[in-house]
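Data first, discussion second: the structure below is written as structure tokens.
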Amino acid sequence: MSVQSKVIVVYHSGYGHTQVLAEAVLQGALDVGADAELMSVATLDDVNWDKLAAADALIFGSPTYMGSASAPFKAFMDASSKIWMERGWVDKVAGAFTVSASRSGDKLGTLTQLSVFAAQHGMIWVGLDLMPGNNSSKGSEDDLNRLGSTLGVMAQANADEGPEVVPPTADKDTAKALGGRIAKVAASLTLVSEAA
Ligand SMILES: Cc1cc2nc3c(=O)[nH]c(=O)nc-3n(C[C@H](O)[C@H](O)[C@H](O)COP(=O)(O)O)c2cc1C
């Protein structure tokens, strides 16, 4: 029996690279039958809190700026403190993705920040189940999870190339995998809670 989960990909993108990843995460969720949509948090006026409240899963996406989430995404995080007070997102599924110019670029700082954010809200964190790619003599830049992340999706986009070129297909496919995984986990949790 399959259940359609409601997934929202909540993101900020200053220059379009995170947006490309958000679209890939969305596609991954749609591919497994989820009712999924994007929500930009570029300004707090863009945030539809009622829609977020109705979702089964929220997948957070921010570029890595100065080793952490971007200021607009942080503004969204801070604005969610009202929801935190009401325990409004408890037991929703959460996951995250980020992109930076450098291969490390301190992206782990961003994913850690977003996982703590989800934990504060009592959400259920889902990371990547993909093995690390490109870490042996047989590996390549085309491998899924080429940057070897587990907490969430890490992508890399050369600083002098636009979002029509980078991040590369391997990173977009990794983002798709996270979208699909989270949509499926959210659907199974919905089944469990309906049966209880
Ligand atoms: C203010 C600012 C800070 C940045 N800090 C980092 C950083 O800490 N590490 C890194 O590798 N790249 C850094 N970058 C590069 C961005 O992470 C990279 O260009 C990313 O693809 C931007 O995503 P966006 O197009 O969605 O905004 C920074 C860029 C800006 C504008």
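The values are calculated or read from the model by the stated rules, or taken from the named source; none is laboratory data. This one's a predicted model, so the numbers in the text were calculated from it and none came from an experiment. Methodologically, a virtual Cβ is constructed for each residue, glycine included, from the backbone with ideal geometry; neighbour enumeration extends over all protein chains shown. These accessible areas exclude ligands, DNA and RNA; they are computed on the full protein's heavy atoms, side chains included. Shrake-Rupley method; radii C 1.70, N 1.55, O 1.52, S 1.80 Å.
Could you say whether any residue in region 78-91 is within 12 Å of the ligand (Cβ to nearest atom) and over 17 Å from the mean Cα position of the chain (by Cα)?
No: zero hits.
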Under 22 Å from LEU58 (Cα atoms), within 16 Å of the ligand (Cβ to nearest atom) and not small (Gly, Ala, Ser), is that true of THR174?
yes
Going through (1) of a type in the set (A, V, I, L, M); (2) touching a helix residue (DSSP H, G or I) at 6+ places or on another chain (Cβ under 7 Å); (3) part of a helix (DSSP H, G or I) one by one, LEU114 fails only at (2)
Taking the options GLN156, GLN113, name whichever one is open to solvent by less than 20 Å² (accessible area, probe 1.4 Å), within 16 Å of the ligand (Cβ to nearest atom) and touching a residue at least 40 places away in the same chain (Cβ under 8 Å).
GLN156
Yes/no for THR64 being out of contact with any His (no Cβ under 7 Å at 6 or more places or on another chain), free of Cβ contacts under 8 Å to residues at least 40 places away in the same chain and within 16 Å of the ligand (Cβ to nearest atom)
no
Test THR98 against the stated conditions and say whether it is at negative phi, open to solvent by 10 Å² or more (accessible area, probe 1.4 Å), within 17 Å of the chain's Cα centre (by Cα) and within 14 Å of the ligand (Cβ to nearest atom).
no
Does region 74-84 include one or more residues that are touching a Ser or Thr at 6+ places or on another chain (Cβ under 8 Å) and not basic (Lys, Arg)?
no
Residue match in region 63-83 (condition: in contact with a strand residue (DSSP E or B) (Cβ under 6 Å, 6 or more places away or on another chain), modelled with pLDDT of 95 or more and closer than 18 Å to GLY180 by Cα):
no
Considering only residues that are among the acidic types (Asp, Glu) and crowded, with 18+ Cβ neighbours inside 10 Å, which ones fall in region 132-153?
ASP143
